[in-house]
Structure formats: C-alpha cells, structure tokens
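The values are calculated or read from the model by the stated rules, or taken from the named source; none is laboratory data. Worth saying up front: this structure is predicted, and the values here are computed from it rather than measured. Cβ: placed from backbone, ideal geometry, glycine included. Neighbour counts: every protein chain shown.
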C-alpha cells in the first residue's frame, strides 16, 4: 500500500489551485482533520479524515459555479460566512506577501451565481495569520 507524503498530498492539491496556501494553513491541513467548523466570524470548510487531501479538494470544488469563477480570479475558498452565510471566504492570492501569506476576503456568492461576477464584499483579515490570531482572541474573550 502506497502511503502519500505530506509533500505529495500538497502537489496534488496545488495542481488545481492558482497558488499555494499560506504556510500556516498549509501546516493546519497537513496536521489535522476536521468537519466543517463554525468559528463565529467564518466557517472552515471540512478537511475530512484520510491519507490525502482529496476530501478538502472535494469541499473546495463542491459548488462548481463558485469554483469555476473564484480560481481563475485568483481566489482559493477555504471557508464560508458564519452560521448559514453561503458567501465564500477566500485566500486572495492576488495580494501575496513575501512570506506567502495573503489577504482574507469574503465574496458575494449571489454575484457569482446570478451575474457571473466576482465581487469582494469584505476584507476579513489582512492575512491568514492575523485571522487565526483574531479567532483565538475572540475565543478567549468568550471564555471570560
């Protein structure tokens, strides 16, 4: 039985994307598996159990209308809005920084599905690292 290495899993994923994940997200998806999780500001797409990242790619490509519009425009969906908000939350690979991190944006799903336009409606964080720090800070505040 062939066991995939983390690098070979990423090679398969990156073949389908307009760029690389930010390093912190890359470590997250290689180290952990999870069901969709609501973090109040956004929901992370599921990264289901398994030896590869095919479950994650399946989650990213599940809505072909969004996928076929986001990827050519340089956006990689890794989440959705909170609760029942269907707007994609994406890495904006057009704003890549030297450390490979990039801006986190929310995109209007109705603009894509009804008008075939990719419209950024909000910047959620200036980088994935900042998004993680804000998520941790909010969780700590809720525990008080």
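Summary of values
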item: Top-ranked residue in the range 95-105 [being without any contact (Cβ under 8 Å) to a residue 60 or more places away in the chain and over 11 Å from residue 128 (Cβ atoms); ranked as surrounded by the fewest Cβ atoms within 10 Å (Cβ to Cβ)]; result: 98
item: Qualifying residues in the range 95-113 (those that are modelled with pLDDT of 95 or more and part of a helix (DSSP H, G or I)) - the one nearest to residue 42 (Cα to Cα); result: 109
item: Some residue of the range 114-133 being more than 15 Å from the chain's Cα centre (by Cα), part of a loop (DSSP other than H, G, I, E, B) and touching a residue at least 60 places away in the same chain (Cβ under 8 Å); result: no
item: Failed item, numbered, when residue 74 is tested on (1) closer than 15 Å to residue 104 by Cα; (2) modelled with pLDDT under 95; result: (2)
item: Tally of residues being farther than 25 Å from residue 133 by Cα and either modelled with pLDDT of 95 or more or buried (at least 16 other Cβ atoms within 10 Å of the Cβ) (or both) across the range 34-54; result: 0
item: Unique residue being modelled with pLDDT of 95 or more and either under 17 Å from residue 38 (Cβ atoms) or out of contact with any strand residue (DSSP E or B) (no Cβ under 8 Å at 6 or more places or on another chain) (or both) when the list is 143, 85; result: 85
